[in-house]
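What follows is a set of notes on a single structure, which appears directly below.
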Amino acid sequence: MHVLIVGAGALGCVVGGFLKKSGHNVTLLGRQELMEPIQREGLYISGIWGNHHILGLATSTTVLAEWKGLFDLIIIAVKSYDTEEAVKSILPILGSETFVCSYQNGLGNVETIAQYVGMERTIPARVIFGSRILKPGFVHVTVIAEPTALGRFKGGPEEAVVKNIAEQMDKSGIPTIYSDNIEGLIWGKVAYNSALNPLSAILDVPYGKLLDAEETQTMMKEVIYEIYAVASAKKIPMIIPTWEAYVQHLFYKLIPPTAEHYASMREDLRQGRKTEIDALNGAICKLGEIVGITCPTNTFLTRIIKSKEKVFSTQS
């Protein structure tokens, strides 16, 4: 495949690097300070999937007109609040057979992409591995809770197309599966992120520490309860059918392998950057208003994170 990674930060570089290593033609689109070292010396990947040095990755800081019709797959790996701008930027280069994959956190990204390129070209992904940039040109894969999943929403690409892309990703070394309930998986990931990320960021602790206090356990349970209430009202086919069962899954299956992991939201706040709270807890609150369900704990956490965004941005 010819693949373009839009938003080649830590996650995008890992995906692009492994796809390139397995023989695909990959172009990374990202910030100049990250792209220059990769263009000059290659990309170094370390961590739980081994040590790799990938050469031959094409890089750019802008979308080029000469790319029109070149790419089979465009992976959107930007933060959720940049989705619309990212999709608009690639519209001039889309070919008739180009598919666009939302490799992102949160709710609403798939719909935003489909608004511009059509649902028949849009591939949703549930991504639940972590990575971070050690320094420009060096990325580290930190944790994985479950394999990445690709799927299709109603009106999406043909199942065979999505299955083939998932298979290519899996063969490249990124554990990936096809799911016929990707919507349920995405909502499950939103539950995971919404329960853990704000509290990790606010309290400045890794995920595992959130299990050490009854108070944080209670808040996580309340977040999950509210999400499941909204999901039920919207008839979302959740993978784990009840909120009580999801809490058990979160506490005893998902948190332990990522116990030492800090939320990226914490680093966003420390760096004075905007967080993805509006696509997580904030999105649940808005959807709750639409279906008539109050979400007090999600609302509280959203307000705290937004307050910290303003305080940190003022200080930085």
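By the helix-only formula, in which each DSSP H run with n ≥ 4 contributes -39500 (n - 2.57) and the sum is divided by residues, the chain has a 222 nm mean residue ellipticity of -14000 deg cm²/dmol. Rolling a 1.4 angstrom probe over the protein heavy atoms with all chains in place gives segment 93-235 an accessible area of 39 Å² per residue. Pairs over the 20 Å Cα-Cα cut-off, from the set Lys20/Lys79; Lys189/Lys253; Lys163/Lys235; Lys79/Lys189: Lys20/Lys79; Lys163/Lys235. Figure legend: label point modelled 7 angstrom from the Cα of Glu120 along Cα→Cβ; residues of segment 138-172 with amide N under 12 Å from it are 155-158. Relative to the dominant Cα principal axis of the chain, helix 10-21 is inclined by about 40°. Where a ≥ b ≥ c are the square roots of the eigenvalues of the C-alpha gyration tensor, would you call segment 86-168 rounded, which needs a/c under 1.5, or, failing that, prolate if a/b is larger than b/c, or oblate? Because a/c hits 1.5 or more and a/b exceeds b/c, segment 86-168 counts as prolate. Measuring r between the beta carbons of Ala233 and Ile304 and using R0 = 22 Å, the FRET efficiency lands at 0.30. Only protein atoms count toward the accessible area here, which uses a 1.4 Å probe; on segment 60-162, the carbon and sulfur part of that area reaches 50 percent. Only the Cβ atoms of Lys and Arg (+1) and of Asp and Glu (-1) were treated as charged; on that basis the dipole of segment 116-254 about its Cα centre amounts to roughly 380 debye. With angles folded into 0 to 90 degrees, how steeply does helix 281-291 sit against the dominant principal axis of the chain? Use alpha carbons for both and round to 10. The answer is roughly 70 degrees. In the chain, the longest principal axis of the Cα atoms and the axis of helix 214-233 are about 70 degrees apart. In the context of the full set of protein chains, segment 237-299 has a per residue accessible area of 51 Å² (1.4 Å probe).
Accessible-area rank, largest first, for Trp49, Trp187: Trp49, Trp187, with all protein chains present and a 1.4 angstrom probe.
Nonpolar atom fraction for segment 249-316, defined as the carbon and sulfur part of the 1.4 Å probe accessible area, stands at 53 percent.
Shown in residue order for segment 104-117 are the 3J(HN,Hα) couplings computed by the Karplus curve 6.51 cos²θ - 1.76 cosθ + 1.60 at θ = phi - 60°: 9, 8, x, 9, x, 5, 4, 5, 5, 4, 5, 4, 9, 10 Hz (x for Gly and Pro). Taking 0.36 nm per residue of sequence separation and removing the Cα-Cα distance, the Ser46/Thr218 pair yields an extension gain of 58.3 nm. The distance linking segment 143-179 with segment 193-246 is 25 Å (Cα centroid to Cα centroid, whole angstrom).
The values are calculated or read from the model by the stated rules, or taken from the named source; none is laboratory data. No experiment lies behind these values; they were computed from the predicted model shown. Virtual Cβ from ideal backbone geometry, glycine too; neighbours counted across all protein chains shown. The area values use the complete protein model at the heavy-atom level, side chains included, leaving out ligands, DNA and RNA. Shrake-Rupley method; radii C 1.70, N 1.55, O 1.52, S 1.80 Å.
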